[in-house]
1. Here are GLN350, GLN375: which of them is within 12 Å of ligand 1 (Cβ to nearest atom) and open to solvent by 30 Å² or more (accessible area, probe 1.4 Å)?
2. Any residue at all in the stretch 113-131 that is at pLDDT below 70, loosely packed, with under 15 Cβ neighbours inside 10 Å, touching a Ser or Thr at 6+ places or on another chain (Cβ under 6 Å) and not basic (Lys, Arg)?
3. Go through LEU407, LEU411, LEU416 for me and flag whichever is over 14 Å from LEU78 (Cβ atoms) and open to solvent by less than 20 Å² (accessible area, probe 1.4 Å).
4. Output the residues belonging to the stretch 276-333 that are within 16 Å of ligand 2 (Cβ to nearest atom) and open to solvent by less than 20 Å² (accessible area, probe 1.4 Å).
5. What residue, of SER371, SER336, is more than 16 Å from ligand 2 (Cβ to nearest atom) and under 30 Å from LEU295 (Cβ atoms)?
6. Would it be correct to say that ARG382 is surrounded by fewer than 16 Cβ atoms within 10 Å (Cβ to Cβ), outside any helix (DSSP H, G or I) and in contact (Cβ under 8 Å) with a residue 60 or more places away in the chain?
7. Which condition from (1) touching a residue at least 60 places away in the same chain (Cβ under 8 Å); (2) touching a strand residue (DSSP E or B) at 6+ places or on another chain (Cβ under 9 Å); (3) within 28 Å of SER291 (Cβ to Cβ) is the one that THR353 breaks?
8. With the checklist (1) assigned to a strand (DSSP E or B); (2) in contact (Cβ under 8 Å) with a residue 24 or more places away in the chain in hand, flag the one item SER336 doesn't pass.
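The values are calculated or read from the model by the stated rules, or taken from the named source; none is laboratory data. Everything quoted here is computed from the prediction, not taken from an experiment. FYI the Cβ positions are ideal-geometry reconstructions off the backbone, even for glycines, and counts take in every protein chain you see. Only protein heavy atoms, including side chains, enter the accessible area calculation; ligands, DNA and RNA are left aside. Shrake-Rupley method; radii C 1.70, N 1.55, O 1.52, S 1.80 Å.
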Amino acid sequence: MRTPSIYSQDDPLTEALKPPESETELERRARLEEEAEAKRVSEQIDEDLRLERESMKRKRGDVKLLLLGQAESGKSTLQRQFQLMYKPHSLEQERASWRTVIYFNVVRSIKHILNTLESWDDYIDDDMALDSPTSKYMGGSRSGTSSPVIMNPPLENNNAHSRSASPFQGNAATSRSTIASLRRRLSPLVTTDAALADRLSGGITVSGSGKGGVFVRSGWQARTIENALGRKRGRVSDELGPKKPDEIQDVLVQDVSRMLDASKDDIRELWAHPTVKGLIVRRRLKLDEWSEFFLRHITRVAASDYVPSTDDILHARIQTMGVAEHIFDVNIHGKSVSWHLFDVGGARGQRHTWVPYFDDANAIIFVAPVSAFDQYLEEDPRTNRIDDSLQLFTQICSSPLLKNAHLVLFLNKTDLLRAKLDNGLRVQKYITSFGERANDYETVVQYFRAHFLQVHRRNNENRRVLYTHFTSVVDTKATQRIIGNVRDSIFRGYLQSAALV
Ligand SMILES: Nc1nc2c(ncn2[C@@H]2O[C@H](COP(=O)(O)OP(=O)(O)OP(=O)(O)O)[C@@H](O)[C@H]2O)c(=O)[nH]1
Ligand SMILES: [Mg+2]
């Protein structure tokens, strides 16, 4: 019979965390020191969460604010902006956990690029057409392939190509051999993706995670540190001095960091490769905004002493599972009021968890990404994402449970919308009702805004006001100004309804 031990032989993660047999006394002390510090930080986050939970029973006079909207709309990013504004020290404590998320985002992006290249046999043909129109607006369906991101290559394109022509391709044989060696060299890094996902999710998988994203529940930051400690918790000595959270050593994250540092030239080469660029231009390889962001900053992110900047944290992507409550003390006119902010998971499979939180909500910020006009739901590749946002907004506007809530609409990701239009992407290709209108930023945002206003007008028995803002919630300065604005308008309504004025 096997003796149970701290380092179970059955658990590959535990095995990976096992100290080397040749560990010296000095190394052992250093390791115990790291573990003690990680434990202290994890317990501090636990304690903060416990205190939050204790104060969670809302007192009369507290404000309850819901962040609603489809997956990837920017709800959690907006929540981080609230956190930055009203509780910056808590974001500081979480910085180390964000490094794990960002490494995961980078590794997943590289894996996605390599898999896509493989499906195109590491080469693209000069004759390959650019993307064609694929969907209709408002109940329209997407024609052709069911994949929202990558279409399967036509068979003839899978064969070897003898011609070299466009600036994208170069020579087929050279392209293939370069990519093959990059794939070989990057393969150890790419295989860390499962362990990183496991570290973040604590082993919980959710069906419909689509692109292979990871869902996390409230309090994941502390659990990431706990998961790093594994069963070693309680074994470490507490006698050692304090250290900053971002100095905590997590063996897995340290390994990934070393691999990234050693691979940064390869990642840069892959990212700049003409075949990759060609697939992007032809929309055969679609990268998420966070993938592009971190690949553009790979030299900094892959550095061995990397600490995520606040901007990096705002760009990182991790999916919310269920509903996460955050509490902030908001000062207004010399009076401190507790705001309970509820950040929900926006994927279709998560939306059933919202309803219990609708009761007595004071305000809603509905986040709709207007850059998503050319995208389809991960959960349902036939549904255009703008269409889904409008349907969801209809349900929110017409919900009897929410009829007294102050309603704010964020038409978000305007920076990405602008970039898409500047790159020549035509709205009419994806949204037929857009017709022959000018394809410029002002016309497009006003067109989308008009549709949301129409939904609101048709579902507005209470004659409530809808406050709309054009936002890019990764832009801290602009977002904090808007948050101040929203805070004031919510507070005015709140004071009136609480009859405090
Ligand atoms: N460029 C840009 N990126 C944004 C903007 N808003 C959000 N993002 C990015 O979009 C990704 C998704 O944002 P999240 O805040 O995680 O989306 P969410 O609505 O919480 O998604 P779920 O938790 O799945 O419901 C993140 O990588 C963000 O950094 C924006 O206005 N501009
Ligand atoms: Mg979220």
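1. Numbers: GLN350 fails: open to solvent by 30 Å² or more (accessible area, probe 1.4 Å).
Being within 12 Å of ligand 1 (Cβ to nearest atom) and open to solvent by 30 Å² or more (accessible area, probe 1.4 Å) holds for just one of GLN350, GLN375, which is GLN375.
2. The answer is yes; a qualifying residue exists.
3. Details: LEU411 fails: over 14 Å from LEU78 (Cβ atoms); LEU416 fails: open to solvent by less than 20 Å² (accessible area, probe 1.4 Å).
Exactly one residue qualifies, and that residue is LEU407.
4. Applying the first criterion (within 16 Å of ligand 2 (Cβ to nearest atom)) to the stretch 276-333 yields 288-290, 313-326.
Once the filter is applied, which keeps residues that are within 16 Å of ligand 2 (Cβ to nearest atom) and open to solvent by less than 20 Å² (accessible area, probe 1.4 Å), the stretch 276-333 yields ILE313, LEU314, ALA316, ILE318, GLY322, ALA324.
5. Details: SER336 fails: under 30 Å from LEU295 (Cβ atoms).
Answer to the check: SER371.
6. Working: surrounded by fewer than 16 Cβ atoms within 10 Å (Cβ to Cβ): yes; outside any helix (DSSP H, G or I): yes; in contact (Cβ under 8 Å) with a residue 60 or more places away in the chain: yes.
In short, yes.
7. (1)
8. Among (1) assigned to a strand (DSSP E or B); (2) in contact (Cβ under 8 Å) with a residue 24 or more places away in the chain, SER336 violates only (2).
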